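The values are calculated or read from the model by the stated rules, or taken from the named source; none is laboratory data. As the structure is a computational prediction, the values presented were derived from the model and not from experiment. Cβ placement follows ideal geometry from the backbone for every residue including glycine, while neighbour counts extend to all protein chains displayed.
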Amino acid sequence: MKIENLKQVPATGKMGQQFIGIKISKNQIEFHYPETYQLSEDDKGLRKDILAILRTVSLAKTKTSDMSSYNTWHSNENVFPLGAFLWIINDYLTYGRYVNREKNYERGPKGKIDWKRTMRSNPIISKGNVIYKDIISEKKMQKDNLITEIYFFCVQKAIDSIGWLYGISFDSDGVDYNKLYNKNKYLRAINNELTHTFDDQKKIRLQNMKNIIVGLDDEMVNSREMVYGVDSYDYVFEKMVDSMFSNVGNVGDFYPKADWYLVLLPKPVPSSSLRPDTVIVKTNSKTTNKNVYIIDAKYYRYGTTFKPSDLPETTSIQKQITYGEYIKAAKQGLYDRVYSAFVLPYSKENNMHKTLFCNNIEFVGVGRARWFVEDKAEDSANRNIAAILIDTKFLVNNWVKKNEDNIDALIRLIESNIGGASHE
């Protein structure tokens, strides 16, 4: 089914064109996506693309500051419950209108007697007769009224927010569940139900309902206008690259440190540390060398424009060199070689040099510092910083997977292009 009223807006990263996410206002949906992400042409693929990109937004520390005529989901106060929305919609489409009918058991003859449970209790033997003092009765509670109300509120809110991805609307049978909304009351009911149910599926349903309620504030309840996204995708890109490639638990071990020695203080004062984005430690199976790879993810436009001015600046090159010099000095004897690289976004399907660059990961050049004397010494590899392009669609759809093949592919590109041994 075609997504109606959808406007696709590629975000270039230029001033005023940095937002990544969705904006919904007056039935108009704007989807802002990274310019290096090649969207699918068919609606099914497009829906997957939209969801994949929206999921990456959750990696951001801060969300959009754009409050213009929209309701905004903030990471520090209200969390856009995308996963819960998707779960509730799929549950609703699969099972239909949910009614909470859970059997309750009480002591006493009222209701249908559950003889199996009753006979588990201790009977009284009197004159040859077996007497069960504690009669256990089954009672169907209509506490489903409130839980069902909360469920339908969550379904309505989920469909109002992302139902356009499915091409569906919610039939509320004339009930406006937004008007019934009471956050504290709903949360108390859900928490109470969670403590009394033993049905795993129901627990999952209740938890997703709770996630939706927790993520709302009062202004969002009655509105169909909203924004969900980030003003800058830089941090998201860095986190995806780190998730895909990093294999070091304590990155802090690789932070170069410095101190201030001040006239007014008797002891040195630590200065802030430099922090590399991503660190890989890998042993070459052929040479048995244990090498370190310092990766700096840069959400720059070189993969789109191929202009040298869109490459990392000298300060970034120097920082990478510093990381390498620190590791060689502070970790002497632990590692054989140190390599550095920048990773930048691009589209393997849509770039002006597709005949040269068409793979998920591509090498495009080396950055060198002029002030170092050029030599062929074994320990100078870290002074040559490789520039690597990664296909944004590939990254967005694979960043959660720690695949050794991806790590090895990156290492091969770095080593083979700055004079190191090929990685097997």
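Summary table below
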{"item": "Selection status of Gly333, surrounded by 14 or more Cβ atoms within 10 Å (Cβ to Cβ) and either of a type in the set (Gly, Ala, Ser) or outside the structural domain of Ile390 (by TED's automatic domain parsing) (or both)", "result": "no"}
{"item": "Residues that are hydroxyl-bearing (Ser, Thr, Tyr) and more than 16 Å from Asn351 (Cα to Cα), drawn from the range 10-39", "result": "Ser25, Tyr33"}
{"item": "Any hit, the range 321-338, residues being under 18 Å from Leu413 (Cα atoms) and part of a strand (DSSP E or B)", "result": "yes"}
{"item": "Odd one out for Ser69, checked against (1) modelled with pLDDT under 85; (2) surrounded by 14 or more Cβ atoms within 10 Å (Cβ to Cβ); (3) over 15 Å from Ala158 (Cβ atoms); (4) of a type in the set (Ser, Thr, Tyr)", "result": "(2)"}
{"item": "Among (1) within 15 Å of Tyr255 (Cα to Cα); (2) within 32 Å of the chain's Cα centre (by Cα), the one test that Glu325 misses", "result": "(2)"}
{"item": "Top-ranked residue of the range 341-361 - restricted to ones that are touching a Leu at 6+ places or on another chain (Cβ under 7 Å) and part of a strand (DSSP E or B), ranked as nearest to Glu313 (Cα to Cα)", "result": "Leu344"}
{"item": "Output for the range 375-416, where each listed residue is touching a Phe, Trp or Tyr at 6+ places or on another chain (Cβ under 7 Å) and either surrounded by fewer than 14 Cβ atoms within 10 Å (Cβ to Cβ) or at pLDDT below 90 (or both)", "result": "Ala381, Asn382, Arg383"}
{"item": "Yes/no for Val338 being buried (at least 18 other Cβ atoms within 10 Å of the Cβ) and in contact with a strand residue (DSSP E or B) (Cβ under 6 Å, 6 or more places away or on another chain)", "result": "yes"}
{"item": "Check on Val251, at pLDDT below 90 and β-branched (Val, Ile, Thr)", "result": "yes"}
{"item": "Qualifying helices (runs of 4 or more DSSP H) (wholly inside the range 198-317; at least 3 residues being surrounded by 15 or more Cβ atoms within 10 Å (Cβ to Cβ))", "result": "200-214, 234-245, 302-305"}
{"item": "Selected residue [of a type outside the set (Asp, Glu), at pLDDT below 85 and closer than 23 Å to Ser169 by Cβ] from Ile22, Ile50, Ile3", "result": "Ile3"}
{"item": "Residues within the range 168-191 that are in a loop (DSSP other than H, G, I, E, B) and either crowded, with 19+ Cβ neighbours inside 10 Å or touching a residue at least 60 places away in the same chain (Cβ under 8 Å) (or both), tallied", "result": "2"}
{"item": "Count of residues meeting criterion [hydrophobic (A, V, I, L, M, F, W, C) and under 17 Å from Ala84 (Cα atoms)] in the range 175-211", "result": "6"}
{"item": "Test: residue in the range 15-27 that is free of Cβ contacts under 8 Å to residues at least 60 places away in the same chain and either basic (Lys, Arg) or assigned to a strand (DSSP E or B) (or both)", "result": "no"}
{"item": "Verdict on Lys319 being in the same structural domain as Ser246 (by TED's automatic domain parsing), modelled with pLDDT of 95 or more and basic (Lys, Arg)", "result": "no"}
{"item": "Residue that is nearest to Gly167 (Cα to Cα) [pool: residues in the range 28-62 that are assigned to a loop (DSSP other than H, G, I, E, B) and free of Cβ contacts under 8 Å to residues at least 60 places away in the same chain]", "result": "Asp42"}
{"item": "Subset of the range 333-364 [over 30 Å from the mean Cα position of the chain (by Cα) and acidic (Asp, Glu)]", "result": "Asp336"}
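Results for (1) assigned by TED's automatic domain parsing to the domain that holds Ile321; (2) free of Cβ contacts under 8 Å to residues at least 60 places away in the same chain, shown as yes or no for each residue.
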{"position": "Tyr166", "(1), (2)": "no, no"}
{"position": "Arg205", "(1), (2)": "no, no"}
{"position": "Asn211", "(1), (2)": "no, no"}
{"position": "Lys239", "(1), (2)": "yes, no"}
{"position": "Gly249", "(1), (2)": "yes, yes"}
{"position": "Trp260", "(1), (2)": "yes, yes"}
{"position": "Leu265", "(1), (2)": "yes, yes"}
